[in-house]
Amino acid sequence: MTDFEQLYKQYFKDVYRFVWSLCRDPAIAEEITQETFFKALHGIDQYKGTCKLNVWLCQIAKHTYFSYSAKQKRFVAHDSTEASSAYNLEAAMMDKEEALRIHKVLHGLEEPYKEVFTLRVFGELTFAQISRIFEKTESWSRVTFHRAKRKVQDRLKEV
């Protein structure tokens with residue numbers, strides 16, 4: 001058994017559960033998890049060891065899922081009628097602008113605040129799940145999230 005096969009067996013369930021928590025669809029979770037390990041295999045030289053391997057894999061999974069989700073939204077947008085598109089476009093622009101502001105603030109946030117906030121808000125993970133990913137206590141997850149939230153709120157006021 002190769003080292004990568006061993007990693008796959010060891011972390012598959014963790015990554016799958018994380019992706020499932022994002023999409024709530026077993027088929028999509030399976031597909032994204034497979035894509036995650038494919039990307040990890042081809043990008044293993046980019047793993048610097050600054051975080052735990054399961055955190056690195058979940059980061060890849062998160063980005064893979066968000067890319068997949070964005071592609072699905074573009075596909076659905078092309079199928080809508082012009083009248084409803086005009087109305088939805090205006091609302092989406094407002095939401096996208098706000099989302100862009102938040103993502104810019106998040107991008108500048110230091111770790112672990114950025115990852116914990118992202119997992120909690122966008123990944124909809126529980127504090128218990130976040131604590132398992134970081135191998136910390138649930139209390140640590142709660143405190144880190146609330147500190148991250150405060151940092152985001154403070155920085156949004158500045159932007």
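Readers should treat all values here as calculations from the given coordinates under stated rules, not as data from a laboratory. Everything numeric in this text was worked out from a predicted model, so none of it was measured. All Cβ positions, glycine included, derive from the backbone under ideal geometry; neighbour counts span all protein chains shown.
Which FRET efficiency, nearest 0.05, do GLN59 and GLU158 yield, Cβ-Cβ r, R0 30 Å?
After rounding, the FRET efficiency stands at 0.70.
Placing +1 on the Cβ of each Lys and Arg and -1 on the Cβ of each Asp and Glu in the stretch 1-79, which of GLN72, GLN6, GLY43 has its Cα farthest towards the positive end of the resulting dipole?
Farthest towards the positive pole: GLN72.
Under 15 Å from a point 7 Å along the Cα-to-Cβ line of ALA70: which residues of the stretch 107-121 have their amide N that close?
Residues 107 fall inside that zone.
May I ask you to derive the FRET efficiency for ALA128 and PHE4 from their Cβ-Cβ distance with R0 = 35 Å, giving the value to the nearest 0.05?
That gives a FRET efficiency of 0.75.
Expressed as a whole number of Å, what is the distance separating the alpha-carbon centroids of the stretch 105-153 and the stretch 1-18?
A separation of 23 Å, based on Cα centres.
With +1 on the Cβ of every Lys and Arg and -1 on the Cβ of every Asp and Glu, and nothing else charged, how large is the dipole of the stretch 1-79 about its Cα centre, in debye rounded to the nearest 20?
300
Pairs to check: LYS13/LYS71; LYS39/LYS149; LYS9/LYS151; LYS52/LYS157; LYS9/LYS62. Give those whose C-alpha atoms are more than 28 Å from each other in this structure.
LYS39/LYS149; LYS9/LYS151; LYS52/LYS157
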